[in-house]
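Asker: The structure follows.
The values are calculated or read from the model by the stated rules, or taken from the named source; none is laboratory data. All values derive from a computational prediction rather than experimental measurement. All Cβ positions, even for glycine, are placed from backbone atoms using ideal geometry, and neighbour counts span all protein chains on display. Each accessible area value is taken on the protein alone, full model and side chains, heavy atoms only, with ligands, DNA and RNA left out. Shrake-Rupley method; radii C 1.70, N 1.55, O 1.52, S 1.80 Å.
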Amino acid sequence: RMSRKDGHVCIMAQGAMDGGAIMSRKDGISQGAMDGGAIKQRAKKFSGGLSKKHSKITSDDIPFSTFLASNEEQQIRAVDYFVRLNILNGKNNIAIISEDRKLSRRLRALLERANIQLQDKAGWSLATTQAATIIERWLECIEEDFSAYPFLDCLKSPFINIQPIINDNTADDESTEDNFKKNIYRFEHDLIFHAQTAMRVSSNIKQYKIKLKQRLHRLSHWPANTYDDLINTLNIIQKTAAPLTALYTAEKSIPLSDFLDALLHSLQQLGVIQAYQNDNAGLVLLKTFESLKQSINYSNPKLSWFDCRIWLGMALESQNFTPLSFDSRVQLMTLEQASHLNFDCVIIAATEAQHFPGSAKNQPFFNQAVRASLGLKTWEEQRLQRHECFNRALLSAPEILLTACNFDHGEEKAVSPWLELLINFYQLSYNKKPDNLQLEQLVLSNSECFVCDEAKVPDESSQPAPTMPAVLIPKKVSASAYQRIINCPYQYFSADGLQLTALEELTEELKKSDYGERIHLILQCFHQGHKYYGKAFEQVLTETNAKQAEHYLSELSIKIFLSDLEDNILHRSWLYRWQKHIPSYINWQIKHQQDWSIFLSEKSLEAPLNENTKIVGRLDRIDKNNKDNSHAIIDYKTGITARQEEINTGENVQLSLYALLDDSASEVSYLSVDSSYQKVEAKSSLSGENLEINREHNKQRLIELFMQMKNSAPMPAWGDATVCRYCHFSGLCRKAEWEA
């Protein structure tokens, strides 16, 4: 199978690995008694003998190379490029030997992105499949009182199907499923993530129901049957979970059969078992459950809930799932699976100590010394067997690439001792390292290779500048959307055109943005009242009743922060921070009301920009002038406010867009209600002639921007460091690639 010079990798591999044992290392060279002498002697003998027999053979003819990466992504890219280069060179039988499942999954994604199918013979743990994940998330719901994250994962899982039960089979399957998905979306966004202060809830089905009922009068955009469907969904989930919940809360030992029966019954009620019938991993899970039932017939001990969970987890972890095989030029396998096979080329990836040779697996019975005394197979024998398989892999193809990551968080780390032996042997033989220079050039050049049918390396990544398809151009533009256009057109393209959003975070601790929301609500309630929190302060503010107003505003603040204080006592610091600003706010309001009176708060407005686009916004507060009835738009700020220069030059556009929403506005301003020196004051603003000029300029700019989008003008990523620091789309724009 191999040509004359191809066979020399076999000779070199045998020369380097003879003696096979993992030796102690000093100064980078293996020491100790080895068959054939020390590695330096064997290397000299190898190079001398080779030069005599084959004077034309050089180090470049040895089809063996290495790639040592400084991070995991570099290593994966190197393997990806090496595979595609060999396919372009006509290789049709390529093996990737890897014991690192994380690397294998990422590599599979890269290869499939280039239309190269990967035949995975290694498979992965059944516990990591999507089919098994729903079991883990369901049990987390039981243990965490239906905390939002696992609960939403369950409701959105393709393996759960309770729609027919909710709708009593009165609608066709497609419309029922569509309605169910829409209801879950509304439940997630309107109740869990985006609800106002007192209405937000993150666990407990009873609390979900209460908050749904409280929110019912505010949910005007929900279809009429949404509330009933969601309540029915929660009732079904609660009823289905009841047997498992009873076992979990009993705080006593549970027979394994009771735990498994309750779990399987709940999965049956949720439609998971039926869904498993049409899923390859699900079928393996069903067989695993049957095997567990059989084992319980012989032994049915009583265990704690968490021991039952460990028992189930070990059962799923021990099972391997291998996807359906298909013909492919590239195969992914373990070291043992590659034994006694031949290939056109072989990549041994993640050649690091934890994988090659690896370590002894944890055994439920007997340590290694006891196993040796009983004549059972020990780790030493397994290691020798793996060493033999590794040697065979080096002899199984005319071209070999070994890769490893020799850095961990910037710190150098050791690679596999077997790889180190090969590198040292090669270096001693040829006075150079076996680095694959072509791969280094490809990886370090930051070239992005997708689907490619040519051997020529593509150009380096460039600054993205897509055009917005007409169907994706938004019909509405808000202040934040307008700001995204100005900050970075590509950011607007991603967020508003493609409608991509970052993963939302549900946290138990208040953030600065949450603090700002509460201050907005407090001031709205203070001036105009609230159905839930009570009436507004009814008296006209004066120096005489200032203390009374301060006390009223403080009590109102405590009431609004109450639910936060119940969740986390540390939230008291946020309340205290605001209370220190209350006297200053009352004093500001007394002076401000000499010319202005409060007209509206938390008001949503819209205005036409052109025939296809509307300007929309929700204004914190609109005041009316006591003399000419003109309006003043006030935007509360608890963070850093934009500088006046940024507003005048059009870099900050929030106030400018608010002015476009209300033609009667003669003044727009930011009111800082949170500062390190407890002062409430108007910061940047626009008024009079400056406001009119700014309003007209921004209107014309918006019209022109949307006209350019309509005419397919590019929307480039500008790469401004200040904007990029807070951008959620760095993974799309890949600034690090095109700015390198």
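Asker: Looking only at segment 521-570, how many residues end up being within 27 Å of S604 (Cβ to Cβ) and small (G, A, S)?
Answerer: 5
Asker: Report, ordered by the first and then the second residue, all pairs with beta carbons closer than 7 Å, sequence separation of six or more or different chains, a first member in segment 326-341 that is closer than 14 Å to N93 by Cβ, and a second member that is modelled with pLDDT under 90 and in a strand (DSSP E or B).
Answerer: Correct list of pairs: S328/L118; S328/Q119; V330/L118; V330/Q119; Q331/Q119; L332/L118; L332/Q119; L332/D120.
Asker: Oh, and also: Count, please, the residues in segment 296-328 that happen to be closer than 30 Å to L107 by Cβ, part of a loop (DSSP other than H, G, I, E, B) and in contact with a helix residue (DSSP H, G or I) (Cβ under 6 Å, 6 or more places away or on another chain). Spell out the reasoning first.
Answerer: Of the residues in segment 296-328, the ones closer than 30 Å to L107 by Cβ are 313-328.
So of that shortlist, the ones also part of a loop (DSSP other than H, G, I, E, B) come out as 319, 322-328.
Now narrow it down to the ones that are in contact with a helix residue (DSSP H, G or I) (Cβ under 6 Å, 6 or more places away or on another chain): 319.
Summing the residues that are closer than 30 Å to L107 by Cβ, part of a loop (DSSP other than H, G, I, E, B) and in contact with a helix residue (DSSP H, G or I) (Cβ under 6 Å, 6 or more places away or on another chain) in segment 296-328 gives 1.
Asker: Quick one: what pairs do we get from segment 655-671, first residue free of Cβ contacts under 8 Å to residues at least 24 places away in the same chain and on the phi < 0 side of the Ramachandran plot, second in a loop (DSSP other than H, G, I, E, B) and open to solvent by 10 Å² or more (accessible area, probe 1.4 Å), C-beta under 9 Å, 6+ apart or different chains?
Answerer: Within 9 Å, no pair qualifies.
Asker: Sticking with this one: Looking only at segment 506-532, which residues are among the hydroxyl-bearing types (S, T, Y) and surrounded by fewer than 17 Cβ atoms within 10 Å (Cβ to Cβ)? Lay out the reasoning, then the answer.
Answerer: Taking segment 506-532 and keeping what is among the hydroxyl-bearing types (S, T, Y), we get 507, 513, 515, 532.
Hits for segment 506-532 are T507, S513, Y532.
Asker: Six or more apart or on different chains, Cβ atoms under 9 Å: show the pairs whose first residue is in segment 623-646 and farther than 27 Å from K511 by Cα and touching a residue at least 40 places away in the same chain (Cβ under 8 Å) and whose second is among the charged types (D, E, K, R) and assigned to a loop (DSSP other than H, G, I, E, B).
Answerer: Qualifying pairs under 9 Å: N625/D595.
Asker: So, one more: From A114, A131, A78, which residue is buried (at least 19 other Cβ atoms within 10 Å of the Cβ) and over 20 Å from the mean Cα position of the chain (by Cα)? Let's see the steps before the verdict.
Answerer: Numbers: A114 fails: buried (at least 19 other Cβ atoms within 10 Å of the Cβ); A131 fails: over 20 Å from the mean Cα position of the chain (by Cα).
When all the criteria are applied, what remains is A78.
Asker: Out of D80, D60, D35, report the one residue that is assigned to a helix (DSSP H, G or I) and either small (G, A, S) or at pLDDT below 85 (or both). Give the steps one after another, and end with the answer.
Answerer: On the way: D80 fails: either small (G, A, S) or at pLDDT below 85 (or both); D35 fails: assigned to a helix (DSSP H, G or I).
After ruling out the rest, the residue left standing is D60.
Asker: Are any residues in segment 720-733 surrounded by 17 or more Cβ atoms within 10 Å (Cβ to Cβ) and in a loop (DSSP other than H, G, I, E, B), and if so, which ones?
Answerer: C727, F729
Asker: Give me a count of the residues in segment 536-583 that are hydroxyl-bearing (S, T, Y) and touching a Ser or Thr at 6+ places or on another chain (Cβ under 9 Å).
Answerer: Initially, segment 536-583 is screened for residues hydroxyl-bearing (S, T, Y), giving 542, 544, 552, 554, 557, 563, 573, 576.
In the following step, the residues that additionally are touching a Ser or Thr at 6+ places or on another chain (Cβ under 9 Å) were identified as 563.
The number of residues fulfilling the criteria is 1.
Asker: Then there is this: With the requirement that a residue be acidic (D, E), out of contact with any His (no Cβ under 9 Å at 6 or more places or on another chain) and assigned to a loop (DSSP other than H, G, I, E, B), what does segment 98-156 give you? First the steps, then the outcome.
Answerer: Of all residues in segment 98-156, those acidic (D, E) come to 99-100, 112, 120, 136, 140, 143-145, 153.
Those left that are additionally out of contact with any His (no Cβ under 9 Å at 6 or more places or on another chain): 112, 120, 136, 140, 143-145, 153.
Hits for segment 98-156 are E144, D145.
Asker: To continue, here is another question. What about S597, is it touching a strand residue (DSSP E or B) at 6+ places or on another chain (Cβ under 9 Å) and closer than 30 Å to E704 by Cα?
Answerer: Details: touching a strand residue (DSSP E or B) at 6+ places or on another chain (Cβ under 9 Å): yes; closer than 30 Å to E704 by Cα: no.
Answer is no for this residue.
Asker: Is one or more of the residues making up segment 626-638 touching a Leu at 6+ places or on another chain (Cβ under 8 Å) and not in a strand (DSSP E or B)?
Answerer: Let us first name the residues in segment 626-638 that are touching a Leu at 6+ places or on another chain (Cβ under 8 Å), namely 633-637.
Filter once more, keeping what is not in a strand (DSSP E or B): none.
No - not one qualifying residue is present in segment 626-638.
Asker: So, in segment 216-226, of the ones that are in a helix (DSSP H, G or I) and surrounded by fewer than 18 Cβ atoms within 10 Å (Cβ to Cβ), which residue ends up modelled with the highest pLDDT? Break it down stepwise before answering.
Answerer: Step one: of segment 216-226, the residues in a helix (DSSP H, G or I) are 216-218, 226.
So of that shortlist, the ones also surrounded by fewer than 18 Cβ atoms within 10 Å (Cβ to Cβ) come out as 216-218.
On the way: L216: 68, H217: 58, R218: 59.
That would be L216.
Asker: Something else now. Does T288 satisfy the criteria of being within 31 Å of the chain's Cα centre (by Cα), touching a residue at least 24 places away in the same chain (Cβ under 8 Å), farther than 20 Å from S147 by Cα and part of a helix (DSSP H, G or I)? Please lay out each step first, then the result.
Answerer: Numbers: within 31 Å of the chain's Cα centre (by Cα): yes; touching a residue at least 24 places away in the same chain (Cβ under 8 Å): yes; farther than 20 Å from S147 by Cα: yes; part of a helix (DSSP H, G or I): yes.
Yes: the conditions hold for T288.
Asker: Evaluate the following for A109: is it open to solvent by 30 Å² or more (accessible area, probe 1.4 Å) and either in contact with a Leu (Cβ under 6 Å, 6 or more places away or on another chain) or free of Cβ contacts under 8 Å to residues at least 12 places away in the same chain (or both)?
Answerer: Numbers: open to solvent by 30 Å² or more (accessible area, probe 1.4 Å): yes; either in contact with a Leu (Cβ under 6 Å, 6 or more places away or on another chain) or free of Cβ contacts under 8 Å to residues at least 12 places away in the same chain (or both): yes.
Judged against the criteria, A109 is a match.
Asker: So which of S573, S584 is free of Cβ contacts under 8 Å to residues at least 40 places away in the same chain, hydroxyl-bearing (S, T, Y) and open to solvent by less than 100 Å² (accessible area, probe 1.4 Å)?
Answerer: Working: S584 fails: free of Cβ contacts under 8 Å to residues at least 40 places away in the same chain.
When all the criteria are applied, what remains is S573.
Asker: If we keep just the residues of segment 590-618 that are outside any strand (DSSP E or B) and closer than 30 Å to Y482 by Cβ, which is nearest to the chain's Cα centre (by Cα)?
Answerer: Within segment 590-618, the first condition is being outside any strand (DSSP E or B), and the residues that meet it are 590-595, 609-613.
From the residues that got through so far, the ones that are closer than 30 Å to Y482 by Cβ too are 592, 595, 609-613.
On the way: H592: 47, D595: 51, L609: 37, N610: 38, E611: 39, N612: 35, T613: 33 Å.
Selected residue: T613.
Asker: When only residues in segment 179-193 that are open to solvent by 20 Å² or more (accessible area, probe 1.4 Å) and within 20 Å of the chain's Cα centre (by Cα) count, which is modelled with the lowest pLDDT?
Answerer: Out of the qualifying residues, it is F193.
Here's the yes/no breakdown for (1) of a type in the set (S, T, N, Q); (2) surrounded by fewer than 14 Cβ atoms within 10 Å (Cβ to Cβ); (3) within 14 Å of W138 (Cα to Cα):
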{"site": "L244", "(1), (2), (3)": "no, no, yes"}
{"site": "P255", "(1), (2), (3)": "no, no, no"}
{"site": "F259", "(1), (2), (3)": "no, no, yes"}
{"site": "Q269", "(1), (2), (3)": "yes, no, yes"}
{"site": "Q274", "(1), (2), (3)": "yes, yes, no"}
{"site": "L285", "(1), (2), (3)": "no, no, no"}
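Asker: Report, ordered by the first and then the second residue, all pairs with beta carbons closer than 8 Å, sequence separation of six or more or different chains, a first member in segment 410-425 that is within 19 Å of G358 (Cα to Cα), and a second member that is among the hydroxyl-bearing types (S, T, Y) and in a loop (DSSP other than H, G, I, E, B).
Answerer: V415/T351; S416/T351; W418/T351; L419/T351
Asker: Have a look at G650, G639 and point out the one that is under 22 Å from G688 (Cα atoms) and within 35 Å of the chain's Cα centre (by Cα).
Answerer: Numbers: G639 fails: under 22 Å from G688 (Cα atoms).
Sole residue among the options that is under 22 Å from G688 (Cα atoms) and within 35 Å of the chain's Cα centre (by Cα): G650.
Asker: Can you pull out every residue in segment 87-104 that is modelled with pLDDT of 85 or more, open to solvent by 10 Å² or more (accessible area, probe 1.4 Å) and not β-branched (V, I, T)? Show your work before the answer.
Answerer: Narrowing segment 87-104 to residues modelled with pLDDT of 85 or more: 87-100, 102-104.
If we keep only those that are open to solvent by 10 Å² or more (accessible area, probe 1.4 Å) as well, we get 87-93, 99-100, 102.
Answer for segment 87-104, where residues must be modelled with pLDDT of 85 or more, open to solvent by 10 Å² or more (accessible area, probe 1.4 Å) and not β-branched (V, I, T): L88, N89, G90, K91, N92, N93, E99, D100, K102.
Asker: Which of (1) surrounded by fewer than 22 Cβ atoms within 10 Å (Cβ to Cβ); (2) touching a helix residue (DSSP H, G or I) at 6+ places or on another chain (Cβ under 7 Å) is the odd one out, the single condition S664 does not satisfy?
Answerer: The single condition S664 does not satisfy is (2).
Asker: Hey, could you check segment 432-450 for residues that are at pLDDT below 85 and of a type in the set (S, T, N, Q) and say which is least open to solvent (accessible area, probe 1.4 Å)?
Answerer: S447
Asker: Here is a check on your reading of the model: is D674 outside any strand (DSSP E or B), open to solvent by 70 Å² or more (accessible area, probe 1.4 Å) and of a type in the set (D, E)? Can you show your working first?
Answerer: On the way: outside any strand (DSSP E or B): yes; open to solvent by 70 Å² or more (accessible area, probe 1.4 Å): no; of a type in the set (D, E): yes.
No, not satisfied.
Asker: Now for a separate question. Condition test on T197, is it open to solvent by less than 70 Å² (accessible area, probe 1.4 Å), at pLDDT below 90 and touching a Pro at 6+ places or on another chain (Cβ under 8 Å)? Even if it seems obvious, please write down each step before you answer.
Answerer: Numbers: open to solvent by less than 70 Å² (accessible area, probe 1.4 Å): yes; at pLDDT below 90: yes; touching a Pro at 6+ places or on another chain (Cβ under 8 Å): no.
Spelling it out, it is not the case that T197 is open to solvent by less than 70 Å² (accessible area, probe 1.4 Å), at pLDDT below 90 and touching a Pro at 6+ places or on another chain (Cβ under 8 Å).
Asker: Within segment 601-619, which residues are open to solvent by less than 50 Å² (accessible area, probe 1.4 Å) and out of contact with any helix residue (DSSP H, G or I) (no Cβ under 7 Å at 6 or more places or on another chain)?
Answerer: Taking segment 601-619 first, the residues open to solvent by less than 50 Å² (accessible area, probe 1.4 Å) are 601-602, 605, 607, 609, 613, 615-617, 619.
Result: V616, single match.
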